[in-house]
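The values are calculated or read from the model by the stated rules, or taken from the named source; none is laboratory data. Worth saying up front: this structure is predicted, and the values here are computed from it rather than measured. In this analysis, Cβ positions are derived from the backbone assuming ideal geometry, glycine residues included, and neighbour counts consider all displayed protein chains. Accessible surface areas use protein heavy atoms only, side chains included; no ligands, DNA or RNA. Shrake-Rupley method; radii C 1.70, N 1.55, O 1.52, S 1.80 Å.
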Amino acid sequence: MPEVLIVSDSHGSTDELKVIKERHSPEYMIHCGDSELDMDAPELDGFVKVAGNCDVDVRFPEEQTSAIGDLYFFIAHGHLHQVKSNPLAIAYRAQELKAQVVCFGHTHIAGAEKIGQQLLINPGSVLLPRRRTEKTYALMNWHTLDDVRVDFYTVEGNHLDELSLRTSLT
């Protein structure tokens, strides 16, 4: 069962990233930008990572795609796709690239939703959450495409049932 850790908007946090990685030891990790760390910072080792609007290291790509298991992921921070006003632009860009899962940040608002045949995931922020007090990240896993789970956690490791999503991507 593939397991994907998804974080965003850590804004210079290093201890939080270390703790989260150690807690879950996931096979795959995605950072959706605004790490405010260098591309080769040890805290980002193993992450598929993209540039956010606050990142200064020009080595970060603006977007990435990644095949994980039997799913194709599109990763972008979202500031270039106007995600604060509407998720459709980033969904369209992912659709152009044939991605079923869209991971993004920028809004600092945790949530997951299925739009058409795509799953959009914003893990929130591990430092500066909006619309809720908990600092969050997401963990996605699936046995089959009929049983896809996105679970949200606080940085302290508490599961957030009300944010978690179970869906099908078939």
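Among the conditions (1) closer than 21 Å to Ser25 by Cα; (2) open to solvent by 10 Å² or more (accessible area, probe 1.4 Å); (3) of a type in the set (Phe, Trp, Tyr), the only one that Phe73 does not satisfy is (2).
Selection of first residues in region 77-92 that are more than 19 Å from Ile6 (Cβ to Cβ) and among the hydrophobic types (A, V, I, L, M, F, W, C) and of second residues that are part of a loop (DSSP other than H, G, I, E, B) and open to solvent by 70 Å² or more (accessible area, probe 1.4 Å), restricted to Cβ pairs under 6 Å at least 6 apart or on distinct chains, gives the following pairs, ordered by first then second residue: Ala89/Gln82. Here region 96-125 is the region considered, the condition is being modelled with pLDDT under 95 and out of contact with any Pro (no Cβ under 9 Å at 6 or more places or on another chain), and the residue that is nearest to Ser168 (Cα to Cα) is Gln117. Looking at Ala94, Ala89, Ala51, just one residue is of a type in the set (A, V, I, L, M, F, W, C) and closer than 22 Å to Glu27 by Cβ, and that residue is Ala94. When region 38-63 is filtered for residues that are aliphatic (A, V, I, L, M), closer than 22 Å to Leu139 by Cα and open to solvent by 20 Å² or more (accessible area, probe 1.4 Å), only Val48 remains.
Looking at Ser66, Ser25, just one residue is without any contact (Cβ under 8 Å) to a residue 60 or more places away in the chain, among the polar types (S, T, N, Q) and buried (at least 16 other Cβ atoms within 10 Å of the Cβ), and that residue is Ser66.
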